[in-house]
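Data first, discussion second: the structure below is written as structure tokens.
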Amino acid sequence: MPVTAFAAGIFCACHWPFAAPYLAAFMAALFVLLMWLKLKRPGLAALMGAVGIATFMAHYPQQPTLLREGATVRGCGVVTEIRKGELNSRMIVSGHVAGFGKRVRIMVYNHSVLPLVEKGDSVAFSGTIKDIPPVVADGELTPVGFARERGVAQVCHVGAGGLEVIREASGFGVWLADRKADFSSAVTGCGLAPDCARFMSAVLTGDSGALADGQRELFSRAGVAHMLALSGTHVGFIAMLTGLLLFPLALGGLPRWSLAGGIALLWGYALLTGGAPSVVRSVFMASAVMLGQIFGRDNNGLNSLCGAALVLLAWDPLNLTDIGFQLSFAAVASILLFMPFWEPGHKVGKLLRGVIVLLATCLAAVAGTAPLTAYHFHMFPLYFIVGNILITPLLPLMMGCGLAIVCLHAAGLEPGWLLAMTDGLYDLMELVCSLTGDTPGAVAEGFPFPWWLLIPYYCALAALWLTFDRRRVVFALGCGLLLAFAGFCQLSLIPYRAARQSGILFPEATHAVVAAVHDGKTLYLVTDAEGVTAEKLRENLSVRFSRYITDNCIDSVALVKDVNLHGVLYADEVCWSFGGITVGLIGEQDTISGRFPSKPDILLVTRRFKGDIVEICKHNPGAAVVISPAVYDYRRKRFEEELRSAGIPFTDSFREVPSLSGSMPTGN
């Protein structure tokens, strides 16, 4: 209960940061009241909730608004977090901003691939300040959540040349990252086939970034994607290797030193692989077992799991929002709770016992993670048992072969037979994954799963555990009713979502203006972007709105230039019309208003326009002006100066147009 209350406090502070101080004070007062009433357990839970809120506030205090939106700002600081894309990167910088005395934390969005920045680098930046925009649709994948969870109120948009690395990161963390990169390079360069080498690098070092998209998809559909992320299975193999390596100490009468050395090596491995939550959890629990053996104490798996969760959340409260953290702890907790009831007796033969234990472990892990998988990925592999039974036993053998190949390669030896065997094992794994994942009906996907459905599913799981623990029918009945309720809600959502036939979204885009019109099972995109830029924008928005697309049973995202959906959307090279709003596109030939078939509500200045913007506005009085981000900077500055001189308001986004932001239906 204390760890659950601690996590609940972090959750509340993360989602309602401005109310966090009041929530902490309320929980502290509740703690005093409950202790006065001699209700110790609820009182302890209230105290841990307050501590969780205080922990999040200490790590990520809310940052004030620095400057007005649109102002140019200069600053410098240390990069504490970074996320890299193909053509840009966004980072959290802790440092100082000119004109603001206190040390601040700000999000810097670099719209260029250069310079190459890493976590821990000291940078100087210059760019334009913008407020964090609201989320367009539920579940939209944008930097909004990334920034708000860290208490960042504004973002500095930096163009080419606006970011400079003053000093590269240094220290023990950088040294470890370099060693990890060296080992990963050694794995990929030891002579294995490319796909096998990438797989081996992922399972030995945690470097899953080099995995091809096809590899991830293949393992995911077979229900064995957990093999690609370091977790208990991988750490267990490393623990076995350290035990063999230090076995001479145990033979020499120093078993405690052997165990202590094993703990040290395991934590070194956790640091080397980057300290992922699943690895730290596994190493923490293994260390608890070894410490119990050193001091002659029994170990409780659930206590070790709760201790690992407490350490990870205290170190970084945002681990709670990490999908790997959630899946790892849910799987292990479910295994620890259900395996005592499902493990076969000693009368069963060893081989059959091993198969039953593997099956039971797989079922327990899936029972704990299935709702989270459905919520985060909108998919669930139905044949996961087949994949896990056939592939999981091969993982330790693959890891052992990989380590042996790397060591022999470092010694100047080329074990051709071992390379061929390892490549063959990987080909066998891919074959099993392909046969399992490509079988008709192997994967349930594309179904809506809102967050609130997690509550009845996990309550049903708790009732199932009580059924085994207390051996009472009433809990089994409660489990069945909860599952029936959740299933009914799930099935009811599909026609309900499908009935939502329309909606209009105005997503933020870096290099264009875009409107997304939902009609039936298609999401239509109209934008002033052209060619490859438009297609990349479609791909980006398909990912950003993946949850909205799934929840509303949308089959396709279409990029349109000329379309006429009567009463829903009209678009051509002259104007767009949707939701009773007409947008006039000001292009290369525009000088007067006669080109528009009807009076526009919005004038969109595109990149091709070079004329007199004020004259266009005079011919279209009352129309809001939107200058597309695609307009070249020098021309944009001229347009902005002319409009300011004429007293004509303008913006660079549909979302900032009052007639749209206040009246248009959206997907929220």
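The values are calculated or read from the model by the stated rules, or taken from the named source; none is laboratory data. Everything quoted here is computed from the prediction, not taken from an experiment. Cβ sites come from the backbone with ideal geometry, for glycine too, and all protein chains shown count toward neighbours. Protein only, heavy atoms only, side chains kept; ligands, DNA and RNA dropped before computing areas. Shrake-Rupley method; radii C 1.70, N 1.55, O 1.52, S 1.80 Å.
Structure data summary
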{"read-out": "Any hit, the stretch 424-442, residues being out of contact with any His (no Cβ under 9 Å at 6 or more places or on another chain), among the acidic types (D, E) and under 25 Å from L244 (Cα atoms)", "value": "no"}
{"read-out": "Which numbered condition S220 misses (of (1) over 24 Å from T436 (Cα atoms); (2) out of contact with any His (no Cβ under 9 Å at 6 or more places or on another chain); (3) among the polar types (S, T, N, Q))", "value": "(1)"}
{"read-out": "Filtered residues of the stretch 303-329 (kept if within 21 Å of L358 (Cα to Cα), open to solvent by less than 20 Å² (accessible area, probe 1.4 Å) and not polar (S, T, N, Q))", "value": "L305"}
{"read-out": "Tally of residues being under 14 Å from the mean Cα position of the chain (by Cα) and at pLDDT 85 or above across the stretch 363-383", "value": "1"}
{"read-out": "Complete set of residues in the stretch 161-179 that are assigned to a strand (DSSP E or B) and surrounded by fewer than 15 Cβ atoms within 10 Å (Cβ to Cβ)", "value": "E164, I166, R167"}
{"read-out": "Pairs, first farther than 14 Å from A309 by Cα in the stretch 2-14, second among the basic types (K, R), C-beta under 7 Å, six or more apart", "value": "none"}
{"read-out": "Qualifying residue in the stretch 273-280 (condition: buried (at least 22 other Cβ atoms within 10 Å of the Cβ), of a type in the set (G, A, S) and in contact with a Pro (Cβ under 7 Å, 6 or more places away or on another chain))", "value": "no"}
{"read-out": "Unmet requirement for H59, which otherwise passes all of (1) surrounded by fewer than 20 Cβ atoms within 10 Å (Cβ to Cβ); (2) out of contact with any Leu (no Cβ under 8 Å at 6 or more places or on another chain)", "value": "(2)"}
{"read-out": "Enumeration of residues in the stretch 183-242 that are touching a Cys at 6+ places or on another chain (Cβ under 7 Å) and open to solvent by 10 Å² or more (accessible area, probe 1.4 Å)", "value": "L218"}
{"read-out": "First in the stretch 428-442 and under 13 Å from V386 (Cα atoms), second anywhere and part of a loop (DSSP other than H, G, I, E, B) and open to solvent by 40 Å² or more (accessible area, probe 1.4 Å), Cβ under 8 Å, 6 or more apart", "value": "T436/Y383; G437/Y383; T439/Y383; A442/L382; A442/Y383"}
{"read-out": "N300 polar (S, T, N, Q), open to solvent by 40 Å² or more (accessible area, probe 1.4 Å) and closer than 18 Å to V332 by Cα", "value": "yes"}
{"read-out": "Verdict on G424 being part of a loop (DSSP other than H, G, I, E, B) and surrounded by fewer than 14 Cβ atoms within 10 Å (Cβ to Cβ)", "value": "no"}
{"read-out": "Sole residue being surrounded by fewer than 16 Cβ atoms within 10 Å (Cβ to Cβ), under 30 Å from E656 (Cβ atoms) and touching an Asp or Glu at 6+ places or on another chain (Cβ under 9 Å), chosen from E81, E69, E86", "value": "E69"}
{"read-out": "Subset of the stretch 382-415 that is part of a helix (DSSP H, G or I) and free of Cβ contacts under 8 Å to residues at least 12 places away in the same chain - its residue that is most open to solvent (accessible area, probe 1.4 Å)", "value": "C407"}
{"read-out": "Test: residue in the stretch 204-225 that is farther than 30 Å from A444 by Cβ and charged (D, E, K, R)", "value": "yes"}
{"read-out": "Near pairs, Cβ below 7 angstrom, 6+ apart or cross-chain, from the stretch 343-370 (of a type in the set (S, T, N, Q)) to any residue that is open to solvent by less than 30 Å² (accessible area, probe 1.4 Å) and assigned to a helix (DSSP H, G or I)", "value": "T361/M339; T369/A330; T369/A331"}
{"read-out": "Failed condition for G43, given (1) more than 30 Å from the chain's Cα centre (by Cα); (2) at pLDDT 85 or above; (3) open to solvent by 70 Å² or more (accessible area, probe 1.4 Å); (4) among the small types (G, A, S)", "value": "(3)"}
{"read-out": "Enumerated helices (runs of 4 or more DSSP H) restricted to the stretch 239-333, each holding at least 2 residues that are of a type in the set (A, V, I, L, M) and in contact with a Ser or Thr (Cβ under 6 Å, 6 or more places away or on another chain)", "value": "247-251, 255-272, 277-295"}
{"read-out": "Qualifying residue in the stretch 232-239 (condition: among the small types (G, A, S), closer than 19 Å to I389 by Cα and at pLDDT 80 or above)", "value": "yes"}
{"read-out": "For R538: the one exception among (1) over 22 Å from G503 (Cα atoms); (2) under 33 Å from the mean Cα position of the chain (by Cα); (3) outside any loop (DSSP other than H, G, I, E, B)", "value": "(1)"}
{"read-out": "Residue count for the stretch 463-488, restricted to those that are surrounded by 15 or more Cβ atoms within 10 Å (Cβ to Cβ) and either over 19 Å from P340 (Cβ atoms) or small (G, A, S) (or both)", "value": "7"}
{"read-out": "Residue list for the stretch 601-647, filter: surrounded by fewer than 17 Cβ atoms within 10 Å (Cβ to Cβ) and β-branched (V, I, T)", "value": "V614"}
